[in-house]
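The next block holds one structure in the form of structure tokens; read it before the comments.
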Amino acid sequence: MTFRLRIVLAATAAVAIAVILACTAAWFVSRNALVSSVDDNLSQSVQQTIDSGTFDSESGIGALTQVTNATGVVLYQSSSPGLPVDATVMSYANGRMSGETFETIHHQGVLMREIITGLAAGQALGVGPRAGLLPQSAALQLAEPLAGVQQQLRHLGLMLVLIGASGVIIALILGLLVAGAVIGPLDDVTSSVEELAKTNDLSERLAEGGSDELGRLRGAFNSLLRSLERSQDQQNQLVLDASHELRTPLTSLRTNTEVLRRIDELDVESRGQLLDDVITQVTELTTLIGDLTELARGERQQTLPTRFRLDELVDDLVTVASTYGRTHNVEINVLSSPCWVHAQSERVARAIGNLINNAIKWSPDGGVITITVEAGVVTVTDQGPGIHENDLPKIFDRFYRAPSARALPGSGLGLAIVAQVAEDEHGSVAASNTVSGGAQLTLVLPVVT
């Protein structure tokens with residue numbers, strides 16, 4: 001079922017239900033009004049009958065009249081067979097009920113409206129030679145046919161059916177018009193989207209609409225296109241950068257592997273140098289592939305976030321990194337206070353480890369690295385040459401390496417991973433230089449209690 005058809009059916013159904021309910025309510029209101037009019041006439045006729053004492057049909061008061069005493073004996077009836085005598089009639093005849101009661105009955109196959117009331121003992125009964133007084137209480141029944149009411153209701157019902165059918169047809173036509181007005185702009189958007197799907201050109205944009213729902217839809221789709229275009233550009237750039245970064249170690253590794261074919265021609269020192277180079281290049285490739293895997297992971301969570309002590313995590317990382325630092329004659333000092341965070345501990349550890357390794361790489365011989373941990377803020381400060389002012393805005397970009405770092409090992413992905421982890425964990429990362437000239441990198445994570 002198409003969206004257009006659903007709109008037409010929904011509009012038609014809504015109007016049809018409203019018309020049917022209105023017609024039904026109109027029919028019942030009219031019926032009650034007509035029956036109430038008959039009841040008023042019967043009530044007036046009963047009062048005139050009691051006041052005049054005339055119960056015969058020739059008097060012109062009431063179509064059918066019947067008087068029944070307390071023993072169930074019919075004292076007077078204007079037609080044969082007489083009106084039905086039920087428990088209500090007997091209750092009035094015995095004086096147990098007062099006032100008036102209206103009922104709808106069938107008499108001789110005719111639908112009639114009947115009024116029942118009580119007559120007290122001593123009530124005049126008849127006129128002329130037939131006049132007399134009631135020796136005891138009795139019940140008076142007066143009934144009129146509802147043929148006129150039924151005929152009017154039939155005419156009204158037919159008219160309401162015609163009105164209802166006309167309303168449904170009008171609703172169907174209006175539904176088609178409304179669906180056309182609503183679906184038309186959506187068809188334009190759909191056509192534009194289908195055209196974009198055919199061309200795969202993410203630089204295209206839909207025409208901006210107004211502030212209505214359709215305009216918001218266009219705006220949301222344009223935002224989606226921008227995000228997809230940005231993601232595609234980042235993906236293409238990642239592939240290009242990765243290809244570039246992989247080319248150098250692979251070329252060197254291939255060259256050294258070819259030299260290994262003539263290893264018997266090399267002396268012991270050259271063999272050791274060659275094997276050390278191969279191991280270094282393989283290690284560099286392994287690190288690069290690990291970094292690429294971390295970046296390709298994006299925002300997908302590999303492990304569930306947990307609550308842990310950030311200061312304890314940093315202490316563990318420093319314990320491991322200190323061995324690497326001693327090989328470079330670098331000392332690591334930690335100043336921390338207890339603080340709790342809720343994050344993926346493995347990824348946070350990877351990010352902080354990258355900050356520490358970066359500081360070790362840039363620290364001079366005999367340098368000191370200071371790490372502070374407080375309220376979810378991890379600050380790593382080294383005594384290296386610092387970060388050039390032109391490099392500060394770019395050091396967290398993927399594969400970016402400052403001119404002074406291109407001769408050093410690394411892929412340019414370590415700090416990019418730190419920035420991605422900070423973003424995924426709803427934190428932040430910043431870089432600056434200290435007064436003494438060293439670099440200072442700060443990772444901020446939301447704390448929990």
Matching entry among T68, T117 (being buried (at least 18 other Cβ atoms within 10 Å of the Cβ) and either of a type in the set (A, V, I, L, M, F, W, C) or out of contact with any Phe, Trp or Tyr (no Cβ under 8 Å at 6 or more places or on another chain) (or both)): T68
Leading residue by the ranking (modelled with the highest pLDDT) among those in the stretch 191-207 that are hydroxyl-bearing (S, T, Y) and loosely packed, with under 12 Cβ neighbours inside 10 Å: S191
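Looking at the stretch 19-53, which of the residues that are of a type in the set (A, V, I, L, M) and free of Cβ contacts under 8 Å to residues at least 60 places away in the same chain is nearest to Q123 (Cα to Cα)?
Here is the first cut: in the stretch 19-53, the ones of a type in the set (A, V, I, L, M) are 19-22, 25-26, 29, 33-35, 38, 42, 46, 50.
Within this subset, residues satisfying the condition of being free of Cβ contacts under 8 Å to residues at least 60 places away in the same chain are 21-22, 25, 29, 33.
Numbers: L21: 49, A22: 48, A25: 43, V29: 38, A33: 33 Å.
Per the stated criteria, the residue is A33.
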Single unsatisfied condition, M112 versus (1) more than 24 Å from A26 (Cα to Cα); (2) in the same structural domain as F28 (by TED's automatic domain parsing): (1)
Long-range neighbours under 6 Å by Cβ, at least six apart or interchain, first residue more than 14 Å from L9 (Cβ to Cβ) within the stretch 167-183, second assigned to a helix (DSSP H, G or I): G167/V19
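Mind checking which residues of the stretch 358-371 are part of a strand (DSSP E or B) and either touching a residue at least 40 places away in the same chain (Cβ under 8 Å) or surrounded by fewer than 17 Cβ atoms within 10 Å (Cβ to Cβ) (or both)? Walk me through how you get there before you give the answer.
Within the stretch 358-371, the first condition is being part of a strand (DSSP E or B), and the residues that meet it are 368-371.
Within the stretch 358-371, V368, I369, I371 meet the criteria.
If you go through the stretch 137-158 one residue at a time, do you hit one that is touching a residue at least 12 places away in the same chain (Cβ under 8 Å), under 28 Å from R4 (Cβ atoms) and not assigned by TED's automatic domain parsing to the domain that holds L83? Steps first, please.
Restricting attention to the stretch 137-158, the residues satisfying the condition of being touching a residue at least 12 places away in the same chain (Cβ under 8 Å) are 137-147, 149-150, 152-153, 156-157.
Cutting the leftovers down to under 28 Å from R4 (Cβ atoms) gives us none.
Scanning the stretch 137-158, I find no residue that is touching a residue at least 12 places away in the same chain (Cβ under 8 Å), under 28 Å from R4 (Cβ atoms) and not assigned by TED's automatic domain parsing to the domain that holds L83, so the answer is no.
Matching residues to (1) in a strand (DSSP E or B); (2) on the phi < 0 side of the Ramachandran plot; (3) among the small types (G, A, S); (4) at pLDDT 85 or above:
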{"position": "R113", "(1), (2), (3), (4)": "yes, yes, no, yes"}
{"position": "E144", "(1), (2), (3), (4)": "yes, yes, no, yes"}
{"position": "G148", "(1), (2), (3), (4)": "no, yes, yes, yes"}
{"position": "Q151", "(1), (2), (3), (4)": "no, yes, no, yes"}
{"position": "G157", "(1), (2), (3), (4)": "no, yes, yes, yes"}
In the stretch 372-382, the residues that are in a loop (DSSP other than H, G, I, E, B) and surrounded by fewer than 21 Cβ atoms within 10 Å (Cβ to Cβ): A375, G376
Enumeration of residues in the stretch 320-353 that are of a type in the set (S, T, N, Q), within 16 Å of L310 (Cβ to Cβ) and either part of a loop (DSSP other than H, G, I, E, B) or touching a Leu at 6+ places or on another chain (Cβ under 7 Å) (or both): S337, Q344, S345
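Here is a yes/no grid of residues against (1) at pLDDT 90 or above; (2) assigned by TED's automatic domain parsing to the domain that holds S137; (3) more than 30 Å from G157 (Cα to Cα); (4) part of a loop (DSSP other than H, G, I, E, B):
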| position | (1), (2), (3), (4) |
| --- | --- |
| V29 | yes, yes, no, no |
| Q48 | no, yes, yes, no |
| T65 | no, yes, yes, no |
| S80 | no, yes, yes, yes |
| V85 | yes, yes, yes, yes |
| S91 | yes, yes, yes, no |
| H106 | no, yes, no, no |
| T117 | yes, yes, yes, no |
Residue match in the stretch 385-403 (condition: in a strand (DSSP E or B) and modelled with pLDDT of 85 or more): no
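May I ask you to say which residue of D39, D56 is more than 20 Å from N94 (Cα to Cα), modelled with pLDDT of 75 or more, in contact with a Phe, Trp or Tyr (Cβ under 9 Å, 6 or more places away or on another chain) and among the charged types (D, E, K, R)? Let's see the steps before the verdict.
On the way: D56 fails: modelled with pLDDT of 75 or more.
Result: D39 is the single residue among D39, D56 that is more than 20 Å from N94 (Cα to Cα), modelled with pLDDT of 75 or more, in contact with a Phe, Trp or Tyr (Cβ under 9 Å, 6 or more places away or on another chain) and among the charged types (D, E, K, R).
Kindly provide the set of residues from the stretch 169-205 that are among the small types (G, A, S) and under 29 Å from the mean Cα position of the chain (by Cα), ordered by number.
First, pick out the residues of the stretch 169-205 that are among the small types (G, A, S): 171, 175, 179-181, 184, 191-192, 197, 203.
Scanning the stretch 169-205 gives G175, A179, G180, A181, G184, S191, S192, A197.
The values are calculated or read from the model by the stated rules, or taken from the named source; none is laboratory data. It should be emphasised that the depicted structure is a prediction, and the values quoted were computed from it without experimental measurement. Because the Cβ atoms are built from the backbone with ideal geometry, glycine has one as well, and the counts that use them run over all protein chains shown.
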